[in-house]
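Trainee: Here it is, the structure, as structure tokens.
We did not get these values from a lab; they are worked out from the coordinates using the rules stated. Just so it is clear, the model here is predicted, and its values are computed rather than measured. No Cβ is skipped: glycine too gets one built from the backbone with ideal geometry, and neighbour counts run over all protein chains shown.
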Amino acid sequence: MPKPTFALFALASLTTTAALADPTLPEGFTAIFNGKDLAGWHGDNPHTTAKAKTAKEREKALADQQEEFKAHWSIENGELVNDGHGPYATTDKDYGDIEFHIEYKTVALADSGIYLRGTPQVQIWDYTDEKKFKIGGDKGSGGLWNNSAGAAGKDPLVLADKAFGEWNAFRIRQLGARTWVWLNDKLVVDGAIMENYWDRAVPLPASAPIHLQTHGGEIRWRNLALREIPGDEANAMLRGDDAGFESLFNGKDLTGWTGANENYEIVDGAIRCKAGKGGTLHTEAEYGDFVARLEFKVPAGGNNGLAIRYPGNGDPAYTGMCELQILDNTAEKYAKLDTRQYHGSAYGMVAAHRGYLRPVGEWNYQEVTVKGSTIKVELNGTVILDTDLSKVTEHLADKAHPGKELTSGFFGFAGHNDPVMFRNIAIKRL
């Protein structure tokens, strides 16, 4: 979606808000509202703006909302105040992986929320309003209310709202689409996948603005502080501990691995395919249904793959259940590939969603779940592939994949001449 030009937002100066941050902010956090003016914010009701069909129409839709934004949002005693009307307060900046602290105070019968990555929403409402009990209002605020019925995170785990007239405090962590919410120090959403309200067949965007929703009742916001989470820290948070998992790599040598051992080396505690070499390095043990987790780093133009249920011979993309592509999607030489050849794809069979790799040269975290004929790939907290290979009837270049019906095999790496690296490799049988 094209981004608006900041020229539209004359109301918001480009003063660096970090310089205005309260010195009592938690370490590493920046104030994204300075308590004095609307610097860094503009008005945007995404439900209105989404109707624009072209970049020009979008620019106009945003420009048309700015006077109304100024009319309904104000600053009082260092608080950001909305009267219940007008477009949503929207950050000029897009955010990806974050830790976000924000306090709010609202009124009886109010209904509001916080949009993350431009998407609804962390719910805020009146938990005493009986008219909304049938849609979950009695369960309290903090849930990912726009998730599908029955989906994790839709309803908060506990009722944590304070009485009206009191300030409530959110702590929100989002890594990829995985979202944690604490309301008044109580965990109400525990790492649930936040669905893309705009198109549930597509994951949340990798980054987008935060919106503070207006919804008919006065709401006040204060102490807005945010920390962008770097990749290595996000990887560790997403992984958690490895309880129930078996380590496949000791960080020192290739004990437990076989196949093209001579074409791989150990560098800085990681397995690396030697430049100009290839072949399949695979486990000595076979696995049927499993969850595998690992980190990988791809050099510019790098290409490798995860061999899934590999029989020990031939090209794992065809003789195995599949090869899950490991690829630098941004490389110019790959610009015209078939969609089923990009990172995370079941090579030649099912395309993965793109746009979720970390920058070239950074470590990525990936989990792969194989159960029966189904396979799911979660990259950096976002599910980029979730498919049933038994239903695939069309293949790249009409080339058959005789191994896709295998029910067990080896797990490994399918090298293609590039020094792609792997570390922290673990597996859990299902």
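Trainee: Cβ neighbours within 10 Å, averaged per peptide: list 384-391, 162-169, 58-65, 137-144 in order, most packed at the top.
Mentor: Packing order, densest peptide first, comes out as 137-144, 58-65, 384-391, 162-169.
Trainee: Also, quick follow-up: Taking the mean number of other Cβ atoms within 10 Å as a proxy for protection, how do you rank 68-75, 34-41, 314-321 from highest to lowest?
Mentor: 314-321, 34-41, 68-75
Trainee: If the cut-off is 17 Å between C-alpha atoms, which aspartates and glutamates fall inside it for LYS399, apart from same-chain ones fewer than 8 positions away?
Mentor: Partners found: ASP315, GLU323, ASP338.
Trainee: Rg/Rh for segment 168-249: what does it come to with C-alpha atoms and Rh from Kirkwood?
Mentor: Rounded to two decimals, Rg over Rh is 1.03.
Trainee: Give me the distance in nm between label points sitting 7 Å out from Cα along the Cα-to-Cβ direction at ASP398 and GLU362, one decimal.
Mentor: With each label placed 7 Å out from Cα toward Cβ, I get 4.3 nm.
Trainee: Once every DSSP H run of n ≥ 4 in the chain is given -39500 (n - 2.57) and the sum is divided by its residues, what mean residue ellipticity at 222 nm do you get, rounded to the nearest 500 deg cm²/dmol?
Mentor: Taken over the chain, the calculation gives -2500 deg cm²/dmol.
Trainee: For GLU57 and HIS85, what is the calculated FRET efficiency with R₀ set at 22 Å and r taken between the beta-carbons, to the nearest 0.05?
Mentor: 0.40
Trainee: A further question on this structure: For LYS391 and GLU76 in one chain, what is 0.36 nm times their gap in residues minus the Cα-Cα distance, to one decimal in nm? Numbers along the way, then the final one.
Mentor: Values: separation 315, 0.36 × 315 = 113.40 nm, distance 5.85 nm.
Value of the extension gain: 107.6 nm.
Trainee: How far is helix 55-72 tilted, in degrees, relative to the longest principal axis of the Cα atoms in the chain, given as a value from 0 to 90 rounded to the nearest 10?
Mentor: Rounded to the nearest ten degrees, it is 40.
Trainee: At R0 = 25 Å, how high is the FRET efficiency between ASP138 and ARG220 if r is their beta carbon distance? Nearest 0.05 is fine.
Mentor: Computed FRET efficiency for ASP138 and ARG220 comes out at 0.60.
Trainee: Can you give me the relative contact order of segment 6-229 as a percent, contacts being Cα pairs under 8 Å and 6 or more apart?
Mentor: 26 percent
Trainee: Once you've got the Cα coordinates, tell me which of LYS274/LYS297; LYS404/LYS428; LYS134/LYS162; LYS277/LYS336; LYS154/LYS376; LYS162/LYS186 are over 19 Å apart.
Mentor: LYS404/LYS428; LYS134/LYS162; LYS277/LYS336; LYS154/LYS376
Trainee: How high is the FRET efficiency from THR30 to THR330, r the C-beta distance, R0 41 Å, rounded to 0.05?
Mentor: Details: r = 28 Å, r/R0 = 0.68.
That pair, THR30 with THR330, gives E of 0.90.
Trainee: Using a 10 Å cut-off around each Cβ, can you sort ASP161, ASP253 from fewest to most neighbouring Cβ atoms?
Mentor: Fewest-to-most Cβ neighbours within 10 Å comes out as ASP253, ASP161.
Trainee: Which order results if MET194, MET237, MET349 are arranged by neighbouring Cβ count within 10 Å, fewest first?
Mentor: Ascending Cβ contact count within 10 Å gives the list MET237, MET349, MET194.
Trainee: Taking the convex hull of the alpha carbon atoms in segment 236-429, what volume per residue do you get, in Å³? Walk me through the numbers on the way to the answer.
Mentor: Numbers: hull volume 20.6 nm³, N = 194.
Hull volume over Cα atoms, normalised by residue count, gives 106 Å³.
Trainee: Can you sort GLU99, GLU218 so the residue with the fewest Cβ neighbours within 10 Å comes first?
Mentor: GLU218, GLU99
Trainee: Now for a different question. Let me know the shape class of segment 6-229, please: from the alpha-carbon gyration tensor, a ≥ b ≥ c as square roots of the eigenvalues, rounded when a/c is under 1.5, otherwise prolate if a/b is greater than b/c, or oblate.
Mentor: Taking the square roots of the gyration eigenvalues as a ≥ b ≥ c, segment 6-229 is rounded.
Trainee: Apply the Kirkwood formula to segment 24-136: the hydrodynamic radius equals the inverse of the mean of 1/r over all pairs of different alpha-carbon atoms; give it in Å with one decimal. Let's see the in-between values first.
Mentor: Values: mean 1/r = 0.0625 Å⁻¹.
Here the Kirkwood hydrodynamic radius works out to 16.0 Å.
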